[in-house]
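Undergrad: Have a look at this one.
The values are calculated or read from the model by the stated rules, or taken from the named source; none is laboratory data. From a predicted model like this one, the values you see are computed outputs, not experimental measurements. Note that we place each Cβ from the backbone using ideal geometry, even for glycine, and neighbour counts take in every protein chain shown.
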Amino acid sequence: MTGAMGRWHEQAGVRSGVRRTFHEEAEAGKVFFPERLVPYLSHEAVGELPDERRRELTVRHLHQFLLSTAHLETRVVNRGAELIANGRSGFELPASSRLDAFKVYCDEGYHALYSLDLAEQIGAVTGVAVPDWDYGGFVDRLADVAATTLPHHRRLAVLLQVVVFETLITAVLHEIPHDDTVVTAVRDTVRDHALDEGRHHRYFTGFFHELWRQLDAPTRAEVAFALPALLRGCLLWDVEPVRSSLVLAGLDNATATAVVRDCYGGDVGDERIRSICRSSLRMCESAGVFAVPGALEHFAAHGLIDGSAS
């Protein structure tokens, strides 16, 4: 588990980064968020909206990304990082791993700070206010999933959710830093975030391997069969901000609800989940999760892997 955070003091954004500021005069013609990464913009009902309303939707989609970062990093990821850092994880870990968890904790607080900072800057310049979205429903649902999937190992469930969040790979972190059609402050902020998250990914992959090694056989089986529900729970999109943004853009409630259903439900949602969690699934495979009898079939039944592979 060594190495992932080894040069944190020199490389972490909170140690060496600068405040990203938006300069309106230098960003003429650039977008705040790529339309291809906003699933509902291509929906027929949204296509009928005036260009200005569509522009507002992209700005609020950026707000959604930035606010979700602020809430989830501090309320979900840091809850697990603190358990590891303070020696309350229930696993035997070297002091270096606990120190690295504190580094993650610092990083996530900084990500929350600069995400809200940038959202407020862009809201002030564009006139598209930062919505009052607190993601409480999503956080509560994560707690419910943790409690129901591993009722006798709730602390372990919390740790597993953090591992999942920190090993996912999203198109936003991967694509936006390289897209020169996006305003510079957004690209730079996402790039800063992605660099830190790359280190977190390596740290939590190593942590999961150590966690798995220390589990006894019965608990391994419980975890293997709980992981698909935990993965899906982390990846079921919180659609209320999307629905409310569509209403603000001029759609009635029924139409906004239908757009959300079309763009995030059913097969569309399942394919998005499979795409984002591929790295987490590779981690499970390398640790030995799929060696548990029936685990591979269980993951396939939850639509996370191709059933033919089982």
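Undergrad: I'd like to check something: does the stretch 98-112 contain any residue that is at pLDDT below 95, touching an Asp or Glu at 6+ places or on another chain (Cβ under 8 Å) and in a helix (DSSP H, G or I)? Don't jump to the end; show me each part of the working.
TA: Residues of the stretch 98-112 at pLDDT below 95: none.
Within the stretch 98-112, not a single residue is at pLDDT below 95, touching an Asp or Glu at 6+ places or on another chain (Cβ under 8 Å) and in a helix (DSSP H, G or I).
Undergrad: Pick from the stretch 186-197 the residues that are crowded, with 23+ Cβ neighbours inside 10 Å and over 27 Å from Ser96 (Cβ atoms): which of them is farthest from the chain's Cα centre (by Cα)?
TA: Among them, the one singled out is Val186.
Undergrad: Follow-up. Return yes when Tyr110 is in contact with a Gly (Cβ under 8 Å, 6 or more places away or on another chain) and over 30 Å from Leu246 (Cβ atoms) and no when it is not.
TA: Numbers: in contact with a Gly (Cβ under 8 Å, 6 or more places away or on another chain): yes; over 30 Å from Leu246 (Cβ atoms): yes.
Spelling it out, Tyr110 is indeed in contact with a Gly (Cβ under 8 Å, 6 or more places away or on another chain) and over 30 Å from Leu246 (Cβ atoms).
Undergrad: Residue pairs, Cβ under 6 Å, 6 or more apart or interchain, first in the stretch 69-88 and outside any loop (DSSP other than H, G, I, E, B), second of a type in the set (S, T, N, Q). List them.
TA: Thr69/Ser115; Ala70/Ser115; Leu83/Ser89
Undergrad: Residue by residue through the stretch 223-253, note down the ones that are over 20 Å from Cys277 (Cα atoms), assigned to a helix (DSSP H, G or I) and either of a type in the set (D, E, K, R) or touching a strand residue (DSSP E or B) at 6+ places or on another chain (Cβ under 7 Å) (or both).
TA: Filtering the stretch 223-253 for residues over 20 Å from Cys277 (Cα atoms) gives 240-253.
Those still in the list that are assigned to a helix (DSSP H, G or I) too: 240-248, 253.
Across the stretch 223-253, the qualifying residues are Glu240, Arg243.
Undergrad: Looking at the stretch 52-67, I want the residues that are under 12 Å from Val31 (Cα atoms) and without any contact (Cβ under 8 Å) to a residue 40 or more places away in the chain and have a partner that is in a helix (DSSP H, G or I) and not small (Gly, Ala, Ser) with Cβ atoms under 8 Å, at least 6 apart or on another chain. Which pairs are those?
TA: Thr58/Glu35; Thr58/Leu41
Undergrad: Give the stretch 1-27 a look and list any residue that's closer than 18 Å to His193 by Cα and either basic (Lys, Arg) or at pLDDT below 80 (or both), or say none.
TA: Let us first name the residues in the stretch 1-27 that are closer than 18 Å to His193 by Cα, namely 4-22.
The answer is Arg7, Arg15, Arg19, Arg20.
Residues checked against (1) surrounded by 17 or more Cβ atoms within 10 Å (Cβ to Cβ); (2) free of Cβ contacts under 8 Å to residues at least 12 places away in the same chain; (3) closer than 17 Å to Thr148 by Cβ:
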| residue | (1), (2), (3) |
| --- | --- |
| Arg199 | yes, no, no |
| Gly206 | yes, no, no |
| His209 | no, no, no |
| Asp216 | no, yes, no |
| Asp238 | yes, no, no |
| Pro241 | yes, no, no |
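Undergrad: Let me ask something else. Whether any residue in the stretch 57-76 is β-branched (Val, Ile, Thr), within 17 Å of the chain's Cα centre (by Cα) and surrounded by 21 or more Cβ atoms within 10 Å (Cβ to Cβ) is what I want to check.
TA: For the stretch 57-76, residues β-branched (Val, Ile, Thr), within 17 Å of the chain's Cα centre (by Cα) and surrounded by 21 or more Cβ atoms within 10 Å (Cβ to Cβ): present.
Undergrad: Show the residue pairs that are 6+ apart or on different chains and have beta-carbon atoms under 8 Å apart, the first residue being within the stretch 108-137 and of a type in the set (D, E, K, R), the second being outside any helix (DSSP H, G or I) and at pLDDT 95 or above.
TA: Listed pairs, sorted by first residue: Glu120/Val130.
Undergrad: Considering only the stretch 17-55, how many residues are of a type outside the set (D, E, K, R), surrounded by 11 or more Cβ atoms within 10 Å (Cβ to Cβ) and over 23 Å from Arg261 (Cα atoms)? Show your work before the answer.
TA: To start, the set of residues in the stretch 17-55 that are of a type outside the set (D, E, K, R) comprises 17-18, 21-23, 26, 28-29, 31-34, 37-43, 45-47, 49-50.
Now drop any that are not surrounded by 11 or more Cβ atoms within 10 Å (Cβ to Cβ), which leaves 17, 21-23, 31-34, 37-43, 45-46, 49.
Checking the rest, the ones that are also over 23 Å from Arg261 (Cα atoms) come to 17, 21-23, 31-32.
The qualifying residues number 6.
Undergrad: Among the listed residues Trp237, Trp212, identify the single one that is under 21 Å from Pro39 (Cβ atoms) and of a type in the set (Phe, Trp, Tyr). If you could, list the steps in order and put the result at the bottom.
TA: Working: Trp212 fails: under 21 Å from Pro39 (Cβ atoms).
It is Trp237.
Undergrad: Determine if the stretch 201-209 includes at least one residue that is in a helix (DSSP H, G or I) and over 20 Å from the mean Cα position of the chain (by Cα).
TA: Here is the first cut: in the stretch 201-209, the residues in a helix (DSSP H, G or I) are 201-209.
Pick out the ones that are also over 20 Å from the mean Cα position of the chain (by Cα) and you get 209.
Checking the stretch 201-209: at least one residue is in a helix (DSSP H, G or I) and over 20 Å from the mean Cα position of the chain (by Cα).
Undergrad: Then there is this: Given the structure, is Gly265 more than 14 Å from Val164 (Cα to Cα), surrounded by fewer than 15 Cβ atoms within 10 Å (Cβ to Cβ) and over 23 Å from the mean Cα position of the chain (by Cα)? Spell out the reasoning first.
TA: On the way: more than 14 Å from Val164 (Cα to Cα): yes; surrounded by fewer than 15 Cβ atoms within 10 Å (Cβ to Cβ): yes; over 23 Å from the mean Cα position of the chain (by Cα): no.
No.
Undergrad: Go through Ala112, Ala85 for me and flag whichever is within 22 Å of Leu156 (Cα to Cα) and surrounded by 15 or more Cβ atoms within 10 Å (Cβ to Cβ). Talk me through it step by step, then tell me what you get.
TA: Details: Ala112 fails: within 22 Å of Leu156 (Cα to Cα).
Checking each option against the conditions leaves just Ala85.
Undergrad: Restricting to the stretch 165-175, and then to whatever is within 22 Å of Ala12 (Cβ to Cβ) and surrounded by fewer than 22 Cβ atoms within 10 Å (Cβ to Cβ), can you tell me which residue is modelled with the highest pLDDT?
TA: Just the residues of the stretch 165-175 that are within 22 Å of Ala12 (Cβ to Cβ), to begin with: 165-170, 172-174.
After this cut, where a residue has to be surrounded by fewer than 22 Cβ atoms within 10 Å (Cβ to Cβ) as well, the list is 165, 168-170, 172-174.
Values: Phe165: 94, Leu168: 89, Ile169: 83, Thr170: 83, Val172: 87, Leu173: 89, His174: 89.
Within the stretch 165-175, the match that is modelled with the highest pLDDT is Phe165.
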